[in-house]
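Here is the structure we will look at.
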Amino acid sequence: MANKVQIINKALSLLGMKRITSIDDLNDDGKLLPQCAAANATYDISLESVLSSGLFDFSIKRVALALTIDTLAFTENGKSLVYQKPTDCLRAVDFYPSIARVSVEGDKFISDTANLCVRYVYRNDDTSQYFPAFVEAFAFKLAADMSYALSNGSTKGADLLTAYENIYLPRAKSADNSQGDAIEQDADDILLAKYGVLP
């Protein structure tokens, strides 16, 4: 499995840049190499962006939410219960029970349902859990995000971003979706879509 430096080096190779041996590599003047500075500034943001763009099995959690003591200035649609959003939550996927009404407000979930649970995308930075198609997609996104700092605003970044969005991210999503059970589609949603009504 790829580690952090290997992913960064893949991104650097896409940019035609020299590889690094460590995220803290220094030049002859004792300053951080430009490649390392760009990677340090960009890696975490790029990772969160890619993780938020899909439902990758290694970055999904399910938790029972904790009620807070917060009170609302007003309520709507019976939503008066305030839950704390998990600190590592990048994006809520769905809630249980499925009939719950939920609004996301800042770092809180507001709901009409007691004992609320959530399935969500979290920031998993354990590269040993990444599968090859995800690593490839992440490297392209990272290269696109680092390109301006490392290539003086060339069009290379735009080309890499296009490749990421149109080829590598869809490929990673497809590879991940081929594992386990197929996602079930609600019959009502299919019927509504047939008549052009999105749920």
Review point. Quick one: would you say residue 91 is closer than 19 Å to residue 138 by Cα and surrounded by 13 or more Cβ atoms within 10 Å (Cβ to Cβ)?
Key: yes
Review point. Looking only at segment 24-43, which residues are surrounded by fewer than 21 Cβ atoms within 10 Å (Cβ to Cβ) and in contact (Cβ under 8 Å) with a residue 24 or more places away in the chain?
Key: 34, 37, 41, 43
Point to revise | Among (1) more than 30 Å from residue 6 (Cβ to Cβ); (2) under 22 Å from the mean Cα position of the chain (by Cα); (3) in a loop (DSSP other than H, G, I, E, B), the one test that residue 71 misses | key: (2)
Check your understanding: Can you name the number of the only condition in (1) closer than 25 Å to residue 125 by Cα; (2) at pLDDT 95 or above that residue 26 fails?
Key -> (2)
Check your understanding: For segment 23-38, what are the residues that are under 19 Å from residue 10 (Cα atoms) and in a loop (DSSP other than H, G, I, E, B)?
Key -> 23, 24, 25, 33
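Would you say residue 2 is surrounded by fewer than 20 Cβ atoms within 10 Å (Cβ to Cβ), of a type outside the set (Phe, Trp, Tyr), outside any helix (DSSP H, G or I) and in contact (Cβ under 8 Å) with a residue 60 or more places away in the chain? So that I can check it myself, show each step before the final result.
Details: surrounded by fewer than 20 Cβ atoms within 10 Å (Cβ to Cβ): yes; of a type outside the set (Phe, Trp, Tyr): yes; outside any helix (DSSP H, G or I): yes; in contact (Cβ under 8 Å) with a residue 60 or more places away in the chain: yes.
So residue 2 fits the description; yes.
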Check your understanding: Can we say residue 100 is outside any helix (DSSP H, G or I), surrounded by 11 or more Cβ atoms within 10 Å (Cβ to Cβ), among the small types (Gly, Ala, Ser) and touching a Ser or Thr at 6+ places or on another chain (Cβ under 7 Å)?
Key -> yes
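The values are calculated or read from the model by the stated rules, or taken from the named source; none is laboratory data. This structure is a prediction, so every number in the text was calculated from the model and none was measured. When we count neighbours, we look across all protein chains shown, and the Cβ atoms used for this are built from the backbone with ideal geometry, even at glycine.
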